[in-house]
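Have a look at this one before I ask anything.
The values are calculated or read from the model by the stated rules, or taken from the named source; none is laboratory data. Keep in mind that what you see is a predicted model, and the values were worked out from it rather than measured. A quick note on method: Cβ atoms are made from the backbone with ideal geometry, for glycine too, and the neighbour counts reach across all protein chains shown. Ligands, DNA and RNA are excluded from the accessible area calculation, which covers all protein heavy atoms including side chains. Shrake-Rupley method; radii C 1.70, N 1.55, O 1.52, S 1.80 Å.
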Amino acid sequence: MVYPIQSDIRSAIQIAAVFRHHNQYHHLTNHRRRLPPAVISYRNSPNCCFTVNSAFKLRAFSTNDGDTTVQKVCNKPSLCTADELHYVSVNNSDWKLALWRYIPPPQAPKRNHPLLLLSGVGTNAIGYDLAPGSSFARYMSGEGFDTWVLELRGAGLSVQESDSTNIEKTAIAVSEQMEAAADNATDKVLSAAQQSTDAQSTLEESDTAVVKEESTAIATMWDESRVVNELTETFMRLSERVSGFLNESQSRIMSAKLFDQISKLLEDSFLYERFNETRGKLLSLLETGQNSAVVDQVKDLSQKLVNIIEEGQRSVSPLVDLHERLTTTIEDFQKQLDLIVKYDWDFDHYLEEDVPAAMEYIKAQTAPKDGKLLAIGHSMGGILLYAWLSQCGLQGREPGLTAVVTLASSLDYTSSKSALRLLLPLADPAQALNVPVVPLGALLAAAYPLSSRPPYVLSWLNDLISAADMMHPELLKKLVLNNFCTIPAKLILQLTTAFREGGLRDRSGKIFYKDNLHKSNVPVLAVAGDKDIICPPEAVCETAKLIPEHLVTYKVLGDDNGQHYAHYDLVGGRMAAEHVYPCIIQFLSRYDDTS
């Protein structure tokens, strides 16, 4: 079934549903060999290709300490425009997070602390380094800060790779796929009639984290034993809660969904009652714990379901091609389960695992005298910094940060008319299971020609990113085509709590990140853009006022002379180097000492 892409991407969640039945993601095994955590860095080094430092130990919050090694490899991917590309492991995970490093030139002022930059939801490091003359990361490096941009799991050049020796090869492949997807999108001029087909093509090319496989055509002959095995495997995966993503109630939702899809094949058939009887028995079994007896019973009932389908196939015309339709239904459902397993992370994974791992690695590489960093976060990057300060306040821990800058970030959007309210349709866990991912990069790449060329059907899309005339067209184009990636519904589900009373909360729903922000002793500069409709000034202010008054500086940029700032103008706009960056430098310099 093919659905046309909506002409209004204000309904991005509804648009994402286009890909629900029509995605071409390939199966990625969930059973990877677990290796000791490793930290890898790529450099443009003409000398050795590989060195090991076994003395370094990486620690990640809420996980066990593990021994790690540091490896330096000759070649970094062409997409990376930083001086160096480093990779840091996350404990208990195959993810290797990319860290783009910008080394200060010899003539730059001497600084005491390295600088960590965090990007927004579904974005990568490119947003901080759009071009040599318009690079936030280069600017900060030129001012003497050893600057590191973290790409969280699932973003940019971060890779899911259990074998550390393959990281260079995997990263280069990811880089090539990202560049090819951007080039392909650049060459397309979409018409309204072509949107659905071209958007799907873009999705296939831009989901760089998925391993490419040869697609297999549906067998033309009815292989009963294979279908029974596939059906049994599907039921058992649901029974084991699919890699921890599904809780008991969600598992029931998914099971019921599969049965509903199969039952539609048998509607108005004399077999319908027999199917429902078997369905009830299977649902009861799936709610019990797994053991060999349960597996045998599930397989027997799967065989019974297939027998019912077989009998229907031998009946008259209404059930013609029933075999093929059942096989397709099972395979489509398996693909959805694969997506849920592959994109199995939320905001707290970033907060408790990715960010601490990067901080520890940067400190180990740069050795600041007081063991602290400076940090800047844009959009969700700033939200992560706020949540980190709050969490450390709650637990009485030292946050390891000497000063923080947030750009267009808030823990509570209830007081604003943020465009992010469009995420609320995914606040229902059942809906999140229907749309396990939102392919934001593919959607924006498909929409870009409609916003940048006549008849400018989606010209309003640019206003979400940049105010009028505040970003060079070529940089805006690069930002849209290169900066965004696929977002798990599980992540969006947690972020939607920022629009409820009390603001953003942890995955359990019991801890509100606003509640402990006042315990922080870290100075914060909170910057808002006057024309930001994603994170309006009132949302930024809502969080800033929770920080002790002597520690917080709240600033809204934009004036009546036509210099306005939307969401990304604070990082890459025409006037950012003149108005935004100096403000940040002045603030950070005030706290960049070790006394």
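So how many residues does region 517-541 have that are of a type outside the set (A, V, I, L, M) and in contact with a His (Cβ under 7 Å, 6 or more places away or on another chain)?
So the first thing to find is which residues in region 517-541 are of a type outside the set (A, V, I, L, M), and the list is 518-521, 523, 529-532, 535-538, 541.
Okay, now just the ones that are also in contact with a His (Cβ under 7 Å, 6 or more places away or on another chain), so 529-532, 535.
Residues in region 517-541 being of a type outside the set (A, V, I, L, M) and in contact with a His (Cβ under 7 Å, 6 or more places away or on another chain): 5 in total.
Give region 109-123 a look and list any residue that's in contact with a Phe, Trp or Tyr (Cβ under 8 Å, 6 or more places away or on another chain) and open to solvent by less than 30 Å² (accessible area, probe 1.4 Å), or say none.
Applying the first criterion (in contact with a Phe, Trp or Tyr (Cβ under 8 Å, 6 or more places away or on another chain)) to region 109-123 yields 111, 113-117, 119, 122-123.
Within region 109-123, HIS113, PRO114, LEU115, LEU116, LEU117, SER119, GLY122, THR123 meet the criteria.
Turning to a different aspect of this structure: May I ask you to say which residue of ALA445, ALA430, ALA468 is small (Gly, Ala, Ser), within 21 Å of LEU337 (Cα to Cα) and either open to solvent by 20 Å² or more (accessible area, probe 1.4 Å) or modelled with pLDDT under 80 (or both)?
Criteria check complete, one pass: ALA430.
Let me ask you something else. Can you find a residue in region 161-177 that is modelled with pLDDT of 80 or more and crowded, with 24+ Cβ neighbours inside 10 Å?
yes
Still on this model: Tell me the residue from ALA358, ALA364 that is open to solvent by 10 Å² or more (accessible area, probe 1.4 Å), at pLDDT 90 or above and not charged (D, E, K, R), please.
Numbers: ALA358 fails: open to solvent by 10 Å² or more (accessible area, probe 1.4 Å).
The match here is ALA364.
What's the number of the only condition in (1) modelled with pLDDT of 95 or more; (2) touching a helix residue (DSSP H, G or I) at 6+ places or on another chain (Cβ under 9 Å); (3) open to solvent by 20 Å² or more (accessible area, probe 1.4 Å) that PRO132 fails to meet?
Result: PRO132 passes all but (1).
What number of residues in region 477-499 are part of a loop (DSSP other than H, G, I, E, B) and open to solvent by less than 20 Å² (accessible area, probe 1.4 Å)? Lay out the reasoning, then the answer.
The first filter runs over region 477-499 and keeps only residues part of a loop (DSSP other than H, G, I, E, B), leaving 483, 485.
Now narrow it down to the ones that are open to solvent by less than 20 Å² (accessible area, probe 1.4 Å): 483.
Total satisfying the criteria: 1.
For region 129-152, check the following and say yes or no: at least one residue is closer than 26 Å to VAL90 by Cβ and touching a Cys at 6+ places or on another chain (Cβ under 6 Å).
First pass over region 129-152, keeping only residues closer than 26 Å to VAL90 by Cβ: 129, 136-137, 140-141, 145-152.
This time we only want the ones that are touching a Cys at 6+ places or on another chain (Cβ under 6 Å), so: none.
No - not one qualifying residue is present in region 129-152.
Given the residues GLY509, GLY502, which is the only one that is assigned to a loop (DSSP other than H, G, I, E, B) and either open to solvent by less than 10 Å² (accessible area, probe 1.4 Å) or touching a Phe, Trp or Tyr at 6+ places or on another chain (Cβ under 9 Å) (or both)? Talk me through it step by step, then tell me what you get.
Details: GLY509 fails: either open to solvent by less than 10 Å² (accessible area, probe 1.4 Å) or touching a Phe, Trp or Tyr at 6+ places or on another chain (Cβ under 9 Å) (or both).
The unique qualifying residue is GLY502.
This table checks each residue for (1) closer than 17 Å to TYR413 by Cα; (2) touching a helix residue (DSSP H, G or I) at 6+ places or on another chain (Cβ under 9 Å); (3) modelled with pLDDT of 95 or more.
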{"site": "GLU501", "(1), (2), (3)": "yes, no, no"}
{"site": "VAL524", "(1), (2), (3)": "no, yes, yes"}
{"site": "THR543", "(1), (2), (3)": "yes, yes, yes"}
{"site": "LEU546", "(1), (2), (3)": "yes, yes, yes"}
{"site": "THR553", "(1), (2), (3)": "no, yes, yes"}
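Is it true that PRO109 is in contact with a Lys or Arg (Cβ under 8 Å, 6 or more places away or on another chain) and under 21 Å from HIS579 (Cβ atoms)? I'd like the intermediate steps shown before the answer.
On the way: in contact with a Lys or Arg (Cβ under 8 Å, 6 or more places away or on another chain): no; under 21 Å from HIS579 (Cβ atoms): yes.
So PRO109 fails the test.
Sticking with this one: Restricting to strands (runs of 3 or more DSSP E) lying wholly in region 83-167: which have 1 or more residues that are of a type in the set (Lys, Arg) and touching a residue at least 24 places away in the same chain (Cβ under 8 Å)?
Because the criterion is at least 1 residues that are of a type in the set (Lys, Arg) and touching a residue at least 24 places away in the same chain (Cβ under 8 Å), the strands (runs of 3 or more DSSP E) in region 83-167 that meet it are 95-102.
Being β-branched (Val, Ile, Thr) and touching a strand residue (DSSP E or B) at 6+ places or on another chain (Cβ under 7 Å) is the filter here, so list the residues in region 122-155 that pass it. Talk me through it step by step, then tell me what you get.
Filtering region 122-155 for residues β-branched (Val, Ile, Thr) gives 123, 126, 147, 149.
If the condition is that a residue be β-branched (Val, Ile, Thr) and touching a strand residue (DSSP E or B) at 6+ places or on another chain (Cβ under 7 Å), then THR123, THR147, VAL149 are the ones that fit.
Of all residues in region 539-552, how many are open to solvent by 80 Å² or more (accessible area, probe 1.4 Å) and of a type in the set (Asp, Glu)?
Residues in region 539-552 being open to solvent by 80 Å² or more (accessible area, probe 1.4 Å) and of a type in the set (Asp, Glu): 1 in total.
Among all residue pairs at least 6 apart or on different chains, which show Cβ distances below 6 Å where the first residue, located in region 521-548, is touching a residue at least 12 places away in the same chain (Cβ under 8 Å) and of a type in the set (Val, Ile, Thr) and the second is open to solvent by less than 10 Å² (accessible area, probe 1.4 Å) and part of a strand (DSSP E or B)?
Sorted first by the residue in region 521-548, then by its partner, the pairs are VAL522/LEU401; VAL522/VAL404; VAL524/VAL404; VAL527/LEU407; VAL540/ALA526; VAL540/ALA528; ILE547/VAL524.
Can you tell me which residue in region 553-595 is nearest to the chain's Cα centre (by Cα), limited to those that are closer than 18 Å to MET140 by Cβ, surrounded by fewer than 18 Cβ atoms within 10 Å (Cβ to Cβ) and among the acidic types (Asp, Glu)?
The selected residue is GLU578.
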